[in-house]
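To keep things clear, I will list the structure first and then write my remarks on it.
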Amino acid sequence: MQIKLRNIAKFLFYIGLIATLGGCSTAGYMDRPGEPGNSIVYGYIDMSEAPTSLQRISMKQLQPVSDKPYFHFFVDDGMFYRPNVRKGTYKFWEFGGFSTLRNADYTFTFPSQGKGAMDRQISKTGVYFAGCYKYKKVKTGFFSPGKFDMEPIGGNCELEMLARLEKWAKDPQWQQLISQHRANKRTMAGMQQ
């Protein structure tokens, strides 16, 4: 009987470990571009003040109208990226994650009206930066629903995220697109100094 309990305890421990580590990253390689003219959208959210880490983020295609308007992003330690984004107008929709410590799933919704700072118009093939932001909890009353704000992060965040993005690009087309974009950003950063 004691051996069975020990085996069950081990089994539960490993299941918990796998579930915890599995929720940390939903990153994936950018293999091949789907259609000619597709782009990459990427950005970063610092969730250190949030009740969970960033595990998911999505945006909605507004124009042209689509029967599958939602695009879900890969996530790697706060950085999010999505290859194969077609030309069109997009609005970031929601983000969140699961907290094993609190045993709760958190979903934060972006405002549905107006153009947000992260929202993008994809007009030609390229690499589009949605920005680097820090999640900030906004104090509300005890019975009021929770609120948050997104503060822009300055510095070299964009170039740092591009360097991280390069490691996920496996297809030569994506590698070239990211490399060119990074070189342009370095040149622009050098001209501003």
Legend entry - Karplus-derived HN-Hα couplings along the stretch 63-76 (A = 6.51, B = -1.76, C = 1.60, θ = phi - 60°), whole Hz, x at Gly and Pro: 9, x, 4, 9, 7, 10, x, 9, 10, 9, 9, 6, 10, 9
Inset, instruction - Within the stretch 109-193, report the trypsin sites (Lys or Arg not before Pro) that DSSP leaves as loop and that have at most 13 other Cβ atoms within 10 Å. - result: 115, 124, 139, 167, 170
Inset, instruction - Just need the relative contact order of the stretch 47-136 here, percent rounded to a whole number, with Cα pairs under 8 Å and 6+ apart. - result: 30
Inset, instruction - Report the accessible area of residue 31, computed with a 1.4 Å probe over the heavy atoms of all protein chains in place, in Å² rounded to the nearest 10. - result: 90
Inset, instruction - Tell me which residues come under 5 Å, amide H to amide H, from residue 153 once H is placed; ignore anything under 5 positions away on its chain. - result: 132, 133, 134
Inset, instruction - Convert each backbone phi in the stretch 27-41 into a coupling constant with the Karplus relation 6.51 cos²θ - 1.76 cosθ + 1.60 (shift: θ = phi - 60°), then list the ³J(HN,Hα) values in order as whole Hz, x for Gly and Pro. - result: 6, x, 6, 8, 6, 10, x, x, 10, x, x, 6, 10, 10, 10
Legend entry - Members of 60/87; 124/185; 60/185; 91/147; 68/91; 68/147 lying beyond 22 Å, as alpha-carbon distances in this model show: 60/185; 68/147
Inset, instruction - Step through the residues of the stretch 97-102 one at a time and calculate ³J(HN,Hα) from phi using the Karplus curve (6.51 cos²θ - 1.76 cosθ + 1.60, θ = phi - 60°), rounding each to whole Hz and writing x for Gly and Pro. - result: x, 9, 9, 5, 4, 9
Legend entry - Cleavage-rule hits, chymotrypsin sites (Phe, Trp or Tyr not before Pro), the stretch 110-193, DSSP coil, Cβ neighbours within 10 Å at most 16: 142, 143
Inset, instruction - Check each of the trypsin sites (Lys or Arg not before Pro) in the stretch 46-107 and keep only those in coil by DSSP with at most 16 other C-beta atoms within 10 angstrom; list them in order. - result: 86, 87, 102
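The values are calculated or read from the model by the stated rules, or taken from the named source; none is laboratory data. Not measured: the values here are computed from a predicted model. Here Cβ is always computed from backbone atoms with ideal geometry, including for glycine, and neighbour counts include all displayed protein chains. Note: areas computed on protein heavy atoms with side chains; ligands, DNA, RNA excluded. Shrake-Rupley method; radii C 1.70, N 1.55, O 1.52, S 1.80 Å.
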